[in-house]
1. If I filter the range 104-142 down to residues being buried (at least 21 other Cβ atoms within 10 Å of the Cβ) and in contact (Cβ under 8 Å) with a residue 60 or more places away in the chain, which single residue comes out as farthest from residue 152 (Cα to Cα)?
2. Of the residues 164, 87, 112, which is at pLDDT 95 or above, on the phi < 0 side of the Ramachandran plot and in contact with a helix residue (DSSP H, G or I) (Cβ under 6 Å, 6 or more places away or on another chain)?
3. Going by the conditions given, is residue 236 more than 21 Å from residue 181 (Cα to Cα), touching a strand residue (DSSP E or B) at 6+ places or on another chain (Cβ under 8 Å) and buried (at least 16 other Cβ atoms within 10 Å of the Cβ)?
4. Could you check the range 119-165 and list, in sequence order, the residues that are closer than 24 Å to residue 74 by Cα and either outside the structural domain of residue 79 (by TED's automatic domain parsing) or assigned to a loop (DSSP other than H, G, I, E, B) (or both)?
5. Using the structure shown, decide if residue 103 is out of contact with any helix residue (DSSP H, G or I) (no Cβ under 7 Å at 6 or more places or on another chain) and either in a helix (DSSP H, G or I) or under 24 Å from residue 219 (Cα atoms) (or both).
6. Report, by residue number, each residue of the range 72-100 that is in a loop (DSSP other than H, G, I, E, B), in contact (Cβ under 8 Å) with a residue 40 or more places away in the chain and surrounded by 14 or more Cβ atoms within 10 Å (Cβ to Cβ).
7. Considering each residue of the range 71-115, count those that are farther than 22 Å from residue 197 by Cβ and in contact with a strand residue (DSSP E or B) (Cβ under 9 Å, 6 or more places away or on another chain), and give that number.
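The values are calculated or read from the model by the stated rules, or taken from the named source; none is laboratory data. All figures in this text were calculated on a predicted structure; none of them were measured in a lab. Because the Cβ atoms are built from the backbone with ideal geometry, glycine has one as well, and the counts that use them run over all protein chains shown.
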């Protein structure tokens, strides 16, 4: 009996001590004093490494919108791996351009090897940045959609994605348009904005007349005269040369300009 009583008293004492500790913890919280953790937590190595290198990583929250519109000029460029390593600081400081479209993906699985670096460095240089997918009619739109959406992250884009439409492949005209329309609609649904569509004057007049009303177009024609479309489709940008020269890029580069009263803000993500 005495032994049972002693055990009861010990348990009572232990519970009282827990209550006291809990009360002290609450008191610390009420006074704004943090409770020390039981053990040290290792810091994330990326900020530590970045701090040592004097470079801090850009952090994108899933629900952050980081679109930046540089409307200083009406000129821009588009680039891919063919331009090699680009000095984006020199491009932004020495060229009168405000925007750039970067090749991101093509077909089912291709990811441009310069895309990720170009995306980070071009944004860091203060340019408005968008990404484009080269559409391949011979490959199912579903596979292309997966390739685009897993690599082009919405919250890292300043501008809406662009779809490069230059070939019809070996499919029928009917299937080409049907699949393309589905692909464009799915891209619009995924990103919440209509994509910019790119093609050149002759291809548009042969295959795309009367399609995609209400969408913005970048139209290519490498002559002095602006593109002339059979249905008088209005286009927001004219890619007027494929042999532009810009400080910071060693070779030739595609150049474009915003037309008329259009503004870059119309393409904001």
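1. Among those residues, the one meeting the criterion is 128.
2. Only one candidate qualifies: 112.
3. For residue 236, the condition - more than 21 Å from residue 181 (Cα to Cα), touching a strand residue (DSSP E or B) at 6+ places or on another chain (Cβ under 8 Å) and buried (at least 16 other Cβ atoms within 10 Å of the Cβ) - is not met.
4. If the condition is that a residue be closer than 24 Å to residue 74 by Cα and either outside the structural domain of residue 79 (by TED's automatic domain parsing) or assigned to a loop (DSSP other than H, G, I, E, B) (or both), then 125, 126, 127, 157, 158, 160, 161, 165 are the ones that fit.
5. no
6. 74, 86, 87, 95, 97, 98
7. Selection size over the range 71-115: 9.
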